[in-house]
Amino acid sequence: MAKANRLTDSQVRAFKPHPRKDRWVNDGNGLYIRVRPNGTKTWVLRRKVRGHAKKKTLGLYDDMSLRDARIEAGVIRKEDKEQIERPQTLDDSPATFGELLDQYYNEHVEAAYTQPRKIRMYIDNRVPDDIKDMVIVDLDEYGTRQFRVAIRKWLRHYATSRAPTAANKLLAIFKQTTKYGTAIGYLTVDPLRELTKKLVGGTEKRGDRTLTNDEIKKLWYAESRYLPLFKFLLLTGQRIGEAQLANWTDIEDERWLIPAENSKNKKDHWVPITDPINEVLSTLSRNRTKIFATRSSRGVQAWLKRWCEHEGIEPRFTPHDLRRTFVTELNELHVEPYVVERCVNHSMSGVMAIYNQAEYAEGRIAAAKLWSDHVLSIVEESDETSMS
């Protein structure tokens, strides 16, 4: 019966794309031809290995015939079977790096991280099956060296083709995972302990991007469903993740309360609600729990990137640069640095961290009003005045 539904080369050649979404056609046994809206046809193998769904791109139809795709799929299915039949350790420890990643996420990340879905996204969407399928059971000295070389080679390629920052983020996740595996006895030696950012994505430059007055004004009047969020971030100086986790019940007595579980440093924080912030909030629906409807920062970042390109803004800025602008400009407005640090919930260092527990409530409220007034003076300034 399975053979009766299998494809022919003439059928594959004749497949037409859908105008808006990928078209998937099953050849049987998990082999699919995926037709992109632009007409590109790609062979993809879908299967499950030890309960985990896996997807592997085999190649383009122009480069790989139907017969070759079936042969390649058969080879991979044979490798999957060998992996399943490989003897497991007595304590049922992970056999592959992908299984160790999943266990590290389930046991540690999900319980300890404020926004674990970001780590989940990196693991699911950015780590290919070739890396996840690497065997980690009984790594000897040679196997450990092979594992480290393979991980570095892939991360170096990722850093070159995508971004050094993303490669370094993946390296951090990988190192935390192998450190975890070593600590609980799955690995005898941590194979990634000596691998550093310098050897993978390179040293990242500390961000120093702030918005000019003209950029603030352009963004303030942009047309976007994300505009209330951008205004809120600019006026409060807080992190986008904290804003997207905010509930309407967190607004109380002219303050936005950020609970410890939502803040980066795991400390309770509050932000004064000024009149301009109230105006932004008044445009949003209260018929939902969250203040902002969008839950993921990816769509926000993608829109902002496109908008900056359209407006010819170079270098482009990110939502976090709104926070940096808030801090920089408050210092330029002669607000005391320790007040600014409290405004953005930065942890103080050294002796200050031990002895200075002051809230500086009056100073923070005054700083928030000063900044809100300053932003309004920028966005309400006439074009003639701004050019003079």
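Here are the numbers:
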| item | result |
| --- | --- |
| Residue in the range 313-334 that is of a type in the set (K, R), surrounded by 13 or more Cβ atoms within 10 Å (Cβ to Cβ), part of a helix (DSSP H, G or I) and touching a residue at least 40 places away in the same chain (Cβ under 8 Å) present | yes |
| Residue that is at pLDDT below 90 and more than 30 Å from G143 (Cβ to Cβ), where the choices are P87, P19 | P19 |
| Options A150, A183, A166: the member that is free of Cβ contacts under 8 Å to residues at least 60 places away in the same chain and within 23 Å of the chain's Cα centre (by Cα) | A166 |
| Pairs with Cβ under 7 Å, 6+ apart, first in the range 339-352 and at pLDDT below 90, second not acidic (D, E) | S347/N265; S347/A353; M348/N356 |
| Enumerated helices (runs of 4 or more DSSP H) restricted to the range 216-289, each holding at least 2 residues that are surrounded by fewer than 16 Cβ atoms within 10 Å (Cβ to Cβ) | 275-282 |
| Test set (1) of a type in the set (K, R); (2) modelled with pLDDT of 95 or more; (3) at positive phi - K266 fails condition number | (2) |
| Considering residues of the range 226-265 that are touching a strand residue (DSSP E or B) at 6+ places or on another chain (Cβ under 6 Å) and among the charged types (D, E, K, R) only, the residue farthest from T328 (Cα to Cα) | D250 |
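The values are calculated or read from the model by the stated rules, or taken from the named source; none is laboratory data. In this text the structure is predicted, and so the values were computed from the model without any measurement. We place every Cβ from the backbone using ideal geometry, glycine too, and count neighbours over all the protein chains shown.
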